[in-house]
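Below is one structure, written out as C-alpha cells; comments come after it.
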Amino acid sequence: MTQPLSLDRLPFRTPARITAIDWLRMSEGDARRLRNLGFDEGVSVESLHAAPFGGDPLAVRVGRMTVAMRRALANAVAVETGQ
Amino acid sequence: MTTVPLIAVVGNPNAGKSALFNMLTGARQKVGNYPGVTVERKSGRLSLADGRPVELVDLPGAYSLEPSSPDEAVTRDVVIGRQQGERLPDALLIVLDATNLDNHLRFALQLINLGLPTVVALNMVDMAARDGLVIDSARLSEELGVPVIETVAVRRRGLGSLKEALSLAVTAEKRAPVPDEPFAAVQRRARAIADAAVAGDATIHRTSSVIDRIVLNPVAGPFLFALIMFLMFQAVFAWSEAPIGWIEGAITGLQGAVTDAMPDGFIRSLLVDGVLGGVGAVVVFLPQILILFLFILLLEATGYMVRAAFLMDRLMAKVGLSGHAFIPLLSSFACAIPGIMATRTIEDPKHRLTTILIAPLMTCSARLPVYAVIIGAFIPATSVGWGIGLQGLVMFGLYLLGIAGALLAALVLRRTVAKGSHQGFMMEMPKYQVPIPRDVLLGLWQRAAIFLKRAGSIILVSTIVLWALLSFPQPRPGESALDASIAGKIAGGLETVVRPIGFNHEIALALIPAMAAREVAVSALATAYSIEADDEAQAEQSLVERLQGRWTLPTALAFLAWFVFAPQCLSTVAVVRRETNGWKWPAFMLAYLFGLAYLAAGATYWAAIALGL
C-alpha cells in the first residue's frame, strides 16, 4: 500500500521514498540547492525534527545526510511510505 | 623561480577536507585572498614520497560544479582553470566522506569528468566502520577509474599512501575530459556506484542522531542554545582577566624601561605615549578576541553551528532573513570582517547584502576597549542583586542594543533598498565531531596573526600620526597643548557638529583617528589627555581617573550609544566595498550607521539630562 503525501506532512521517523519533486514550484536557486543536497526521485527520506516556536524549518534525512529545510519547500516534495 | 606542481584539494563541505589539508601541510600555510573576491585562499607546501615539493591549495567546499554561492564559484573556476590569480591545477585531490558516499560521489564524478589527474581520499573510514558500513575501496577505485586511498585525517592514517599516489598523479597525463554529462545522470551513477561499493544498511550517523534528539528538542534545544551563548560571553570576560593583566604588566614594564633608558624628549614621548601607549591599549584585548574566536571555531568544528542556525531560522525569518545569516552575524561579535566574509555562503544577493549591512551592528571586540574604559569610569561597580553587577548589566544592555538595532535595520532594509525574493533556508547538518585540537589551534593562530598585524599597521600608524598632530605646533605660554595642536584645530570644526549630542572637544578629537578602528578611540583619548597633562601628578593619573574628572555622565552615556552604531572601522568599509563591487553600498552603510549613531547619542544625552543624571 502506498499513499501520496508531501514531505512536510510526513510523520516524524517514518522512512519514505521520494516519488516526485515539483521543480516548477520553486525558485531556480532552491531547485539547485535541493538537487545539490541529493534530492531526487527514488531517494529515501525521513522527517526527523521540527524547529521550536512554530515547527518550521524541518530537519530531514535524505539518503545518509541530514538537511535543514523550510516547510514550504518540503511541500513540493512528494513521498510515499513503502509499507 | 621554477613553479612547483599545484594540487587542488576539493570536496563537499564537511568531508574533512581542511583536516586532511592540515594533515598534509602542517602549520606551514599561507592564507591569502583571490583577487576581486574575499574568498580566502589557503595554500601550503608538501614534500612528496620522492622528496619533490608540491603546492597544495585548499578550495572552498562545494556540492557540485553548479555553484550556489560566490564561494562555490571560486572552486569551480579553479578546477576549470578560469579563476583569476590561480593556474589550472596539475592534479586534484578529492576528499570524500566515507559515511556519506552517495552524496559526495556526485561532485566527485563531475570532477573526475574534467580529466585532470586525480586521487581520491576516502576520509573518515573509521567512522563509517563504526556506523556499520563496509566500503570496498578497490571496487570504488575500479568504478571511478582513479586511485582511492583510505584515510583518517584526525589520526594521520593513510598519509604515506596518499603521498605516493599524489607523486604519480602530478606526473600523469591528462585524460580526455567527459563532456557535459547531465546532472540527473551523474546523480544516478553516483548512487549506483555507492550501492555497489558499500555494504551495510546504516542510514545515518548514530551518535549524531542521538545528540540531535536533545539539541533540536523543542524545549531543551532553545535552552541549551541560550546556555551556550551565555557561557561564551561570560567566558570572554571571566577568562580574559588574568592574561589581560599580564599584557598590561608587560607594556607598563616596557614603558618604564624606555623612560629610564632614554633622555626626555620627542622620541621618548613618541615611543612611550604614542607607540607603546597606543598599541598597548589595543593589544590588551587580544585575549578576549581569541576566547570569542575559540568558541566560534569550536561551534563550527563540532557541527553545532548549523543547529544554532536551524533554531534561529524562525526568528531571522521574521525580519526577512534566514538561519543562514546567523552564522556570519555570530562571527561578527568577534569582528565584522570575517563575519562579512562568511556571508559569501549566502546564495540570495539581497539577503546577503542585508546581512553585510547589519553585520557591523554586532558588538565586535574592537568596541570592548571603548565600552570597558567608559563603563569602568562612569558606572559604579555596585550589585543590582542576585550577584549581578551593574557594570556587567550595562555591557549586556549595549550588546542587546546592537542586536535590536540590527534586527530593526534588517526589517527596514528588506522592505526598502534590499527588497526582493524570499530565499528559503536549506543547509546540510553535518554529523557531530570531536574538534581536532591542532586544527582549532591553527585557526586561532591565524586569527591572532591577523589581529596583531592590524594592531601593528593601521593602529600603529594612526596612533603615531595622531601623536604628531597632537604634539605640533608647540603651545605658546598660557595656551593649552591640545588647543594649539593641528589635531585640536581640526577637532574644533567637528566639535560644532557633535556638540548638540553632548560630545566635548577631546571626544571630537578622538573620533577622527577612531575612523581607522574603534579601539583607537581609547588610545586617542589616552594620548590627548596625557599630552595635555602639565605636571607630573596629573600625568600619572589613569585614563579612567582623567575621564571621571572631565566628562559628565550624560556625555559618557551618549559616547557609549554612539559606539553601538557608528561604523568606525576602515577595514570593514574596505571589505564591504570589495564584497559589493563598488562604493555605493559602503557609502550607504556609512550614511545610515552614522545617522543612527548621531540620533542614538543625541537621544541618550538629552534623555539623561532630562532625568537629571
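The values are calculated or read from the model by the stated rules, or taken from the named source; none is laboratory data. Fair warning: this is a prediction, and the values are worked out from it, not measured in the lab. Here the Cβ is made from the backbone with ideal geometry for all residues, glycine too, and neighbour counts use every protein chain on show. The protein model used for the area step is the full one, side chains on, heavy atoms only, and it has no ligands, DNA or RNA in it. Shrake-Rupley method; radii C 1.70, N 1.55, O 1.52, S 1.80 Å.
Data for the structure
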item: Residue match in segment B:425-437 (condition: away from every other protein chain (no Cβ under 14 Å), surrounded by fewer than 18 Cβ atoms within 10 Å (Cβ to Cβ) and over 25 Å from B:L311 (Cβ atoms)); result: yes
item: Residue match in segment B:273-289 (condition: open to solvent by 30 Å² or more (accessible area, probe 1.4 Å) and in contact with a Phe, Trp or Tyr (Cβ under 8 Å, 6 or more places away or on another chain)); result: yes
item: Single unsatisfied condition, B:L270 versus (1) assigned to a helix (DSSP H, G or I); (2) of a type in the set (A, V, I, L, M); (3) open to solvent by less than 20 Å² (accessible area, probe 1.4 Å); result: (3)
item: Tally, over segment B:62-81, of residues that are at pLDDT 90 or above, open to solvent by 20 Å² or more (accessible area, probe 1.4 Å) and not in a helix (DSSP H, G or I); result: 4
item: Close pairs (9 angstrom Cβ cut-off, 6 or more residues apart or separate chains): over 15 Å from B:L109 (Cβ atoms) in segment B:130-144, crowded, with 19+ Cβ neighbours inside 10 Å and among the charged types (D, E, K, R) anywhere; result: B:D131/A:R64; B:L133/A:R64; B:I135/B:E150; B:S137/B:E150
item: Matching entry among B:D58, B:D90 (being open to solvent by less than 20 Å² (accessible area, probe 1.4 Å), acidic (D, E), over 21 Å from B:A194 (Cα atoms) and more than 10 Å from chain A (Cβ to nearest Cβ)); result: B:D58
item: Residue match in segment B:4-12 (condition: part of a loop (DSSP other than H, G, I, E, B) and surrounded by fewer than 20 Cβ atoms within 10 Å (Cβ to Cβ)); result: yes
item: Matching residues, segment A:44-61, being at the interface with another protein chain (Cβ under 8 Å from one of its Cβ atoms), farther than 17 Å from B:V210 by Cα and crowded, with 21+ Cβ neighbours inside 10 Å; result: A:P57
item: Residue under evaluation B:F230, criteria (1) of a type outside the set (V, I, T); (2) open to solvent by 60 Å² or more (accessible area, probe 1.4 Å); (3) farther than 27 Å from B:M395 by Cα; (4) assigned to a helix (DSSP H, G or I), criterion not met; result: (3)
item: From the options B:Y605, B:Y598, B:Y592, residue that is in contact with a Gly (Cβ under 6 Å, 6 or more places away or on another chain) and in contact (Cβ under 8 Å) with a residue 40 or more places away in the chain; result: B:Y605
item: Unmet requirement for B:A308, which otherwise passes all of (1) out of contact with any Gly (no Cβ under 9 Å at 6 or more places or on another chain); (2) in a helix (DSSP H, G or I); (3) open to solvent by less than 30 Å² (accessible area, probe 1.4 Å); result: (1)
item: Positions within segment A:8-41 being under 14 Å from A:T66 (Cα atoms) and either of a type in the set (G, A, S) or in contact (Cβ under 8 Å) with a residue 24 or more places away in the chain (or both), in sequence order; result: A:F12, A:R13, A:P15, A:L34, A:L37, A:G38, A:F39
item: Residue match in segment A:16-30 (condition: within 7 Å of chain B (Cβ to nearest Cβ) and in a strand (DSSP E or B)); result: no
item: Criterion violated by B:L330 - all others in (1) among the hydrophobic types (A, V, I, L, M, F, W, C); (2) more than 23 Å from B:A15 (Cα to Cα); (3) open to solvent by 10 Å² or more (accessible area, probe 1.4 Å) satisfied; result: (3)
